[in-house]
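FYI, it's all coordinate maths here, none of it is from the lab. As the structure is a computational prediction, the values presented were derived from the model and not from experiment. All Cβ positions, even for glycine, are placed from backbone atoms using ideal geometry, and neighbour counts span all protein chains on display.
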């Protein structure tokens, strides 16, 4: 004799509701987790963009200073510091920009530069200049972009520069 078990329909009605609520809760948790992850990734990308922009602004100022010999005149002794207006510990403000974005940033104190004479000696070997007739003036050119108070980042870059001049007798 075989017994057949019949399940009453009234016992099954609540189980479908519980299973669907559990699935809905799991999907909601997954959605919230992905939203948090996306928000964090967006914030990280924004910070990366701010960092790159600050670095590029500082590097463009360094490039402008190095490209223009009038911004680094050979005067003073070791430790003599040339700078843009408003920079501390400055001996002479000779670094300025023509009209454009760099000048605007410098005027609003978001971007500044210094060039410190660090050494005076013979020109580097292999430069094609005679050590008897020429002098190498070594500068440390530093550019700082600082808009951290506005959430736009901060970067500081230092680069070496050698200005070769003729020896004065």
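At 7 Å along Cα-to-Cβ for each site, give me the label-to-label distance between residue 93 and residue 27 in nm.
Once both label points are built, they end up 6.5 nm from each other.
Treat the count of other C-beta atoms within 10 Å as a stand-in for reagent exposure and order 23, 62, 164 from fewest to most. Walk me through the intermediate numbers first.
Values: 23 10, 62 18, 164 15.
The most exposed by this proxy come first: 23, 164, 62.
Output the direction-averaged projected area (hull surface divided by four) of the convex hull of the alpha-carbon atoms of the chain, in nm². Kindly include the intermediate steps, with their values, before the conclusion.
Details: hull surface 86.3 nm².
If you wrap the Cα atoms of the chain in a convex hull and average its projections, you get 21.6 nm².
Applying a 10 Å radius around every beta-carbon, put 26-32, 115-121 in order of their mean neighbour count, most first.
On the way: 26-32: 10.0, 115-121: 17.0.
So the order, starting with the most tightly packed, is 115-121, 26-32.
I'd like to compare 135-141, 42-48: which one has the highest average count of other Cβ atoms within 10 Å, and what's the full order after that?
Working: 135-141: 19.0, 42-48: 10.4.
By packing density, highest mean first, the sequence is 135-141, 42-48.
When all alpha-carbon pairs of region 6-97 are counted, what percent fall beyond 23 Å?
Numbers: 2593 of 4186 pairs.
Of the Cα pairs, 62 percent sit more than 23 Å apart.
Taking the Cα atoms only, what angle lies between the long axis of helix 9-67 and the longest principal axis of the chain, rounded to 10 degrees?
Approximately 0 degrees, to the nearest ten.
Can you sort 133, 111, 152 so the residue with the fewest Cβ neighbours within 10 Å comes first? Walk me through the numbers on the way to the answer.
Working: 133 10, 111 25, 152 14.
The most exposed by this proxy come first: 133, 152, 111.
Looking only at region 50-166, where both bridge partners belong to it, what percent of the DSSP beta bridges are antiparallel (to the nearest 5)?
Close to 90 percent.
Cut-off is 10 Å between beta-carbons; in what order do 165, 94, 33 appear when sorted fewest neighbours first?
Details: 165 14, 94 17, 33 10.
The order, fewest Cβ neighbours first, is 33, 165, 94.
Expected output is a single nm value to one decimal: the length gained when fully extending between residue 37 and residue 19, i.e. 0.36 nm times separation in residues minus the C-alpha distance. What is it? Write down the numbers at each step before the final one.
On the way: separation 18, 0.36 × 18 = 6.48 nm, distance 2.73 nm.
Contour length minus the Cα-Cα distance gives 3.7 nm.
So what is the 222 nm mean residue ellipticity for the chain from helices alone, if each DSSP H run of at least 4 adds -39500 (n - 2.57) and you divide by all residues, rounding to the nearest 500 deg cm²/dmol? The partial results should precede the final answer.
Details: 2 runs with 66 residues, N = 169.
Computed ellipticity for the chain at 222 nm equals -14000 deg cm²/dmol.
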